[in-house]
Amino acid sequence: MHGVQGVGSSSLLAPTKRRTGISRFSFFAEMSFITYILQSKTNSKFYCGITNDICKRQKEHNEGKCSSTKSAMPWDVVFQTKFNTREEARALEVKIKGRGAKRFLEDLRHGSAFSGINSVG
């Protein structure tokens, strides 16, 4: 599935140079973080998390490498949105978990509460 991704504000660290001339923080400055929701194909349950590589993370969930999702494999990505900082991605994850993923997705479909974010699918 493909996702329309919202982008949060950027918070870059002041880079320092190593002897190689490569910025120590350049890797992290260019990294984005994704808040995602998975839905189980076997029992329709939801799981919410954050990652910097959605394909790799979904594969880990579907290979049984995550104890919290192992019993309900396989999983589909039903929502994802991108942020520039881990803190922004985590803040949305906390909101989703507080509301419940199913209710959050219903709110998105009806255009209420989270109008700046679009769902996958």
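The values are calculated or read from the model by the stated rules, or taken from the named source; none is laboratory data. For clarity, every value in this text was computed on a predicted model and none was experimentally measured. For neighbour counting, all protein chains shown are included, and Cβ atoms are generated from backbone atoms with ideal geometry for every residue, glycine included.
So which residues in segment 35-72 are touching a residue at least 24 places away in the same chain (Cβ under 8 Å) and among the hydroxyl-bearing types (Ser, Thr, Tyr), if there are any at all?
Initially, segment 35-72 is screened for residues touching a residue at least 24 places away in the same chain (Cβ under 8 Å), giving 35-43, 45-50, 54, 69, 72.
Within segment 35-72, 35, 36, 40, 42, 47, 69 meet the criteria.
Going through 42, 81, 85, 35 one at a time, which residue ends up being more than 21 Å from residue 102 (Cα to Cα), among the β-branched types (Val, Ile, Thr) and modelled with pLDDT of 95 or more? Break it down into steps so the answer makes sense when it comes.
Working: 42 fails: more than 21 Å from residue 102 (Cα to Cα); 81 fails: more than 21 Å from residue 102 (Cα to Cα); 35 fails: more than 21 Å from residue 102 (Cα to Cα).
None of the others qualify; the one that does is 85.
When segment 48-77 is examined, which residues are found to be more than 11 Å from the chain's Cα centre (by Cα) and buried (at least 18 other Cβ atoms within 10 Å of the Cβ)?
The answer is 61, 69, 72, 75.
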